[in-house]
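Working notes, structure below.
Values in this text are rule-based calculations from the coordinates and carry no lab data. Predicted model only: the values in this text are computed from it and were never measured. No Cβ is skipped: glycine too gets one built from the backbone with ideal geometry, and neighbour counts run over all protein chains shown.
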Amino acid sequence: MASSDMQEVREILRTRKFGKLFSGDTENTLIQFFRYLFVGGLATVVDWGLSYILFRYAFHENYAVAANSISFVAGLVVNYVISTFWIFKNSKVESRLVEFIAFAAIGLVGLAMTVGITKLFEIWLSSRTSAYQILAKIVSTGAAFFWNFFARKYLLFNKKEDAAE
């Protein structure tokens, strides 16, 4: 992240032109990260909300993996569509299909992180309490969020900075 990124954000805050945080194309990592908070939040709401609905009304306890898999894919699609139109405009990949597959692969690494962190918390805090699941979900969601943002930015969508190197 360049010092010019921080300088641009300071100028936006100083002049109170907050609209620049939400609109217009930008390669500023801080602004992209700020926007990704919204996108990631919305994708998480879609994932968790759909998971709850499917688990409660469609699949019940016997098919929790199916409910969570479907909800994960729905959240991933929401994240991809909004990210590519609002945050990351400069793709390194020519094909949208290949781009989506790479985007999904990064998301799957984030999912594996989530599962791994949840399992570690289960082992460390014992499955006797459901508190481990809530704490594990918070920590794992945060870790996966940072992984997803930075991997997607620097592996898929950071075309301009590559040209400068």
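Note on the chain: Cα convex hull, mean projected area over all directions, 11.8 nm².
In terms of its C-alpha gyration tensor, region 1-40 comes out oblate, because a/c is 1.5 or above while a/b does not outweigh b/c. Put simply, when 143-150, 117-124 are sorted by average Cβ atoms within 10 angstrom per residue, most first, you get 143-150, 117-124. Calculated mean residue ellipticity, 222 nm, the chain: -24000 deg cm²/dmol, from DSSP H runs (n ≥ 4) at -39500 (n - 2.57) each, averaged per residue and rounded to 500.
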